Every structure is written in C-alpha cells, then in structure tokens.
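Undergrad: Would you mind keeping the following structure in view while I ask a few things?
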Amino acid sequence: MTAVASLVLTTAVTSAQAAGSTLQAAASERGRYFGTAIAGFRLSDSAYTTIANREFNMITAENEMKIDATEPNRNQFSYAAGDQIVNWARSNGKQVRGHTLAWHSQQPGWMQNLSGSALRSAMLNHVTQVATHYRGQIHSWDVVNEAFQDGSSGARRDSNLQRTGNDWIEAAFRAARAADPNAKLCYNDYNTDDWTHAKTQAVYNLVRDFKARGVPIDCVGFQSHFNSQSPVPSNYQTTLSSFAALGVDVQITELDIEGSGTAQADSYRRVVQACLAVSRCTGISVWGVRDSDSWRASGTPLLFDGSGNKKLAYTSVLDTLNGSSAGTCSVTVTRAEEWSDRFNVTFAVSGSNSWRVSIGLQGAQSLQNSWNATISGTSGTLTATPNGAGNNFGITVFKNGTTTTPTASCSVP
C-alpha cells in the first residue's frame with residue numbers, strides 16, 4: 001500500500017426554507033395531522049406541554065379514555081380524567097383521537113367477571129355512553145382495539161368479548177355510529193404493518209367484509225411499534241395503500257421506533273414517506289412526547305430525548321414532511337487507502353438522513369466494491385442512497401489508468 005495524503009472535497013446542496021418549522025405545520029402543508037399521546041398527570045410539566053402544544057395538532061389520551069378509566073364501576077361513569085385531556089387539546093386548538101371503546105385489555109374487574117349476553121350488553125352500553133358523552137368532540141374513535149391474535153392463524157383473539165359472539169366487533173361499530181354519527185370510526189391494531197402477515201390479511205378481510213355489507217367503518221389504525229427485531233417492513237406502503245383501496249382512511253396511531261442516530265432517523269423517514277405516498281393516510285401520531293415519557297423508555301423510541309431536545313429522528317421527520325423543498329445536504333469526500341491498481345474513497349453525508357449522492361468516476365475508472373450504502377452503476381456516474389447503515393459510506397475504485405479522485409454532490413430527494 002502506498003501512503004497518500006487525504007484529499008477532502010466538500011459540496012453542499014441547499015434547498016429552500018422548509019415550508020413548516022414544526023411537525024404539525026409541516027404535516028398540515030401536506031393535508032395531514034401529526035399527533036401524540038398525552039398523559040394527564042404530565043400536563044403540569046411545562047416543558048412537556050410546551051413541546052406538545054408547539055409540535056402536535058392531534059391528541060390521544062394515553063390511558064384516560066380506556067374502559068377502566070371511564071367506567072370503573074358498572075354504570076358509574078367517570079369522565080374527569082378524559083375530559084382533562086380533551087379540554088386541554090381543544091383549548092389549544094387541537095383535535096382528539098378517542099382511544100378506545102372496546103378492548104379485551106384494561107377492563108375493570110366488574111367487566112372481567114361478566115360473560116355472554118350480560119357482557120355483550122355491558123360492552124354496548126359502554127360504547128354508547130362514552131361515545132355519547134364525547135359526541136362532537138372526537139375526530140376519530142378507536143372503536144375496537146386489538147381483536148386479532150398474533151401468529152400465522154389469522155384468527156380472532158380468544159377474549160371474553162370474542163366469546164360473546166363473532167359479531168361483537170360489528171355490534172360495537174354500529175353502536176358507536178348511533179352514538180356519534182360524525183366521528184370517524186376506526187379499527188386499531190399492532191403487528192399489522194407487514195402486508196404478508198396472516199394477522200394483516202385477517203384485518204383486511206374484516207374491513208373488506210364490513211365495507212361490502214355496509215357496516216360503519218371509516219378508518220384503520222396501524223399502531224406501528226417498531227424495533228430491531230420488528231423493523232419497518234419493506235412493504236409497509238403496500239399495506240397502507242391496500243387498506244385505503246377498500247375505501248377507508250388509514251392512520252398511523254401509536255408510532256414509536258426503538259433505536260438511535262441515523263438508523264432510527266431513517267426508519268422514521270420511511271414511515272412518513274409511506275404515509276405521504278398514500279392519499280388516504282390522513283395522519284401520524286407518535287406514542288408519547290419525549291423518550292422519558294414512553295412506555296418503552298429504555299429503547300429511546302421517540303422524536304425528543306428525555307431533556308426535550310430534538311433528535312436526529314425529529315429532523316428526518318420534519319425534512320420528509322416538507323418534501324423536496326426541505327433540508328440541507330452536504331457530502332465530504334475523503335481519499336483513503338491506495339494500492340497500485342485501486343484506491344478507497346469514503347463519503348460522509350450531513351444535514352439530512354434522506355439523501356442521494358452522485359459520484360463522478362474519472363476517465364475509465366470503475367467500481368470494485370462498496371459498503372454502507374446502496375450503489376447504482378459501475379462506471380461514469382454512480383448513485384448512492386441510504387441502506388440503513390448510516391450516513392458514512394465508501395467505495396473501492398479501480399484506477400484503469402486514471403488516478404484522479406472522483407467528485408461527488410448531494411441532494412435531498
């Protein structure tokens with residue numbers, strides 16, 4: 001190997017000022033909302049409410065509108081905690097997602113002890129009473145939550161509600177429509193992001209059946225909880241568009257992505273891009289404000305760190321919402337190890353996690369190898385795009401008689 005001095009070239013592509021400087025503003029420019037889940041006991045935290053008020057325009061109560069909170073004793077309804085969330089949201093000019101009317105989990109003890117027709121009657125009464133109380137104040141209701149089991153069967157979850165009869169989901173939706181004719185009625189679930197999964201197909205078939213028979217359903221919620229073991233699937237956009245084609249809106253309802261740095265930022269970017277590509281994807285909600293507020297706090301899955309600072313993932317989401325008019329992208333080119341017939345070149349991208357780098361090979365130079373990016377082409381002009389490995393990548397170039405260092409430029413797609 002011949003020792004050479006590093007040659008550093010920097011090019012920057014700077015585009016227009018972002019259309020929206022906050023998540024809610026940028027999303028609104030694209031005809032969508034950007035929301036978060038709020039916990040009532042955190043509303044006394046001014047740092048928390050400052051971020052929530054500035055960045056989000058759709059609010060979901062984290063726990064305060066679930067069954068155990070709203071009907072702790074049979075036929076004794078308690079709305080104070082839910083009202084606190086709704087009043088805060090509406091007084092700050094925000095809309096509210098209702099979560100959730102019928103669910104096998106977080107049932108109060110009295111409901112857990114019921115079965116059969118008594119449970120069916122109690123469930124429908126709960127749906128009717130709660131939806132009536134909030135009538136006119138709710139953008140979308142998660143009418144039924146998590147009714148299908150995981151795994152390869154595509155079967156319904158074996159819950160006390162399911163055991164009241166297979167039509168319980170339909171009955172809940174009909175009761176919700178009667179109680180609040182103007183709220184959008186959603187089915188909400190997790191692990192339904194991959195189009196090939198049996199659970200996804202089972203929910204799809206339910207929605208298709210409901211639409212065919214005139215059962216009132218307006219939207220499907222995708223919780224979208226991701227981590228390294230369950231990453232954003234490559235067919236995520238296909239899932240959203242396939243459901244939308246049934247004539248329902250799709251909403252990303254509880255988004256959080258465990259991780260950090262560029263990998264996390266890229267995953268958030270992919271989710272937002274998928275939503276923007278589907279016209280009936282009407283909005284995105286993250287499940288919490290800061291990492292420290294998350295139910296998965298140890299996985300640092302949100303857009304703000306525990307101190308309320310914007311993370312790289314935040315910048316990625318904002319840039320993506322603002323589209324091609326947003327972001328600054330620059331690339332640093334460094335010539336590295338060299339041999340008699342070839343040499344390495346490394347590239348460091350800054351300013352955006354959604355980038356495209358054009359690399360100009362010189363003369364008859366050709367590509368031998370690459371790492372940490374997806375490279376198209378073998379000679380002339382190469383194109384590099386992120387592959388999830390971060391913003392630093394490299395190539396090995398055969399000289400083929402030309403020793404000049406390749407050039408590079410960066411753009412934000």
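Undergrad: If packing is taken as the average number of other Cβ atoms within 10 Å across a peptide's residues, how do 172-182, 42-52 rank, most packed first?
TA: 172-182, 42-52
Undergrad: Could I ask something else about it? Given contacts defined as C-alpha pairs under 8 Å and at least six residues apart, what's the relative contact order of the stretch 26-170, whole-number percent?
TA: For the stretch 26-170, the relative contact order is 21 percent.
Undergrad: Net charge within 12 Å of Val215 by Cβ-Cβ distance, Lys/Arg positive one each and Asp/Glu negative one each, not counting Val215 itself? Can you show the working numbers first?
TA: Values: positive: Arg174, Arg177, Arg208, Lys211, Arg213; negative: Asp167, Glu170, Asp209, Asp218.
Once positives and negatives cancel, what remains is +1.
Undergrad: Right, another one. Distance between the C-alpha centers of the stretch 286-318 and the stretch 158-227? Whole Å please.
TA: If we compute the Cα centre of each part, the gap is 29 Å.
Undergrad: Moving to a separate point now. How about the stretch 323-408: which chymotrypsin sites (Phe, Trp or Tyr not before Pro) there are in a DSSP loop, with at most 13 other Cβ atoms within 10 Å of their Cβ?
TA: Trp339
Undergrad: D for the chain, whole µm²/s, Stokes-Einstein with Kirkwood Rh over alpha-carbon pairs at 10 °C and 1.306 mPa s: what number?
TA: For these conditions, the coefficient is 68 µm²/s.
Undergrad: Summarise the accessible area of the chain (1.4 Å probe, protein heavy atoms) by the percent that is carbon and sulfur.
TA: Numbers: 7230 of 15910 Å².
C and S atoms contribute 45 percent here.
Undergrad: Take the Cα gyration tensor of the stretch 103-255, multiply each eigenvalue by 5, square-root it, and list the three semi-axes largest first, rounded to whole angstrom.
TA: Its equivalent ellipsoid spans semi-axes of 25, 18, 14 Å.
Undergrad: Follow-up question, since we're still on this one. Given the stretch 93-177 reduced to its alpha-carbon atoms as identical point scatterers, what log10 I(q)/I(0) does the Debye formula return at q = 0.11, 0.12, 0.15, 0.20 Å⁻¹?
TA: The calculated log intensity ratios at q = 0.11, 0.12, 0.15, 0.20 Å⁻¹ are -0.31, -0.37, -0.56, -0.92.
Undergrad: With springs only between Cα atoms under 10 Å apart, run a GNM on the chain and tell me which of Ser352, Ser330, Ser234 wobbles the most.
TA: Ser234
Undergrad: At 1.4 Å probe radius, can you tell me the per residue accessible area of the stretch 122-278 in Å²?
TA: Value returned for the stretch 122-278: 34 Å² of accessible area per residue.
Undergrad: Just the Kirkwood number for the stretch 49-121, please: inverse of mean 1/r across all distinct Cα pairs, in Å, one decimal.
TA: Its Kirkwood hydrodynamic radius stands at 13.5 Å.
Undergrad: Quick check: net charge around Gly40, other residues with Cβ under 10 Å of its Cβ, Lys/Arg +1 and Asp/Glu -1? Could you put the intermediate results ahead of the total?
TA: Working: positive: Arg42; negative: Glu62, Glu64, Asp83.
For residues surrounding Gly40, the net value is -2.
Undergrad: Would you kindly compute the Cα radius of gyration of the stretch 184-299 and its largest Cα-Cα separation (Dmax), both in Å?
TA: Using the Cα atoms of the stretch 184-299, the pair Rg, Dmax is 14.2, 47 Å.
Undergrad: Show that you can apply the helix-only estimate: for the chain, add -39,500 (n - 2.57) for every DSSP H stretch of four or more residues, divide by all residues, and state [θ] at 222 nm to the nearest 500.
TA: Working: 11 runs with 118 residues, N = 413.
When only DSSP H runs of four or more count, the value is -8500 deg cm²/dmol.
Undergrad: Now, a different point. Springs between alpha-carbon atoms under 10 Å, Gaussian network over the chain: tell me which of Arg296, Arg213, Arg97 tops the mean-square fluctuations.
TA: Arg213
Undergrad: Compute the relative contact order of the chain as a whole-number percentage, counting only Cα pairs closer than 8 Å that sit 6 or more residues apart in sequence.
TA: Reported as a whole number, the value is 17 percent.
Undergrad: For the stretch 277-337, what does the relative contact order come out to in percent, with C-alpha contacts under 8 Å and a separation of six or more?
TA: 18
Undergrad: In a Gaussian network model over the chain where Cα atoms closer than 10 Å are linked, find which of Ala183, Ala313, Ala389 has the largest mean-square fluctuation.
TA: Comparing Ala183, Ala313, Ala389 in the GNM, the peak value goes to Ala389.
Undergrad: Using θ = phi - 60° and the Karplus form 6.51 cos²θ - 1.76 cosθ + 1.60, what ³J(HN,Hα) does each residue of the stretch 221-233 get, whole Hz, x for Gly and Pro?
TA: Values, residue by residue: x, 10, 4, 6, 8, 10, 8, 5, 7, 9, x, 4, x Hz.
The values are calculated or read from the model by the stated rules, or taken from the named source; none is laboratory data. Model, not experiment: these values are computed from the prediction. Every residue, glycine as well, gets a Cβ built from its backbone with ideal geometry; the counts of neighbours run over all protein chains shown. Please note that ligands, DNA and RNA were not included when accessible areas were found on the heavy atoms of the full protein model with its side chains. Shrake-Rupley method; radii C 1.70, N 1.55, O 1.52, S 1.80 Å.
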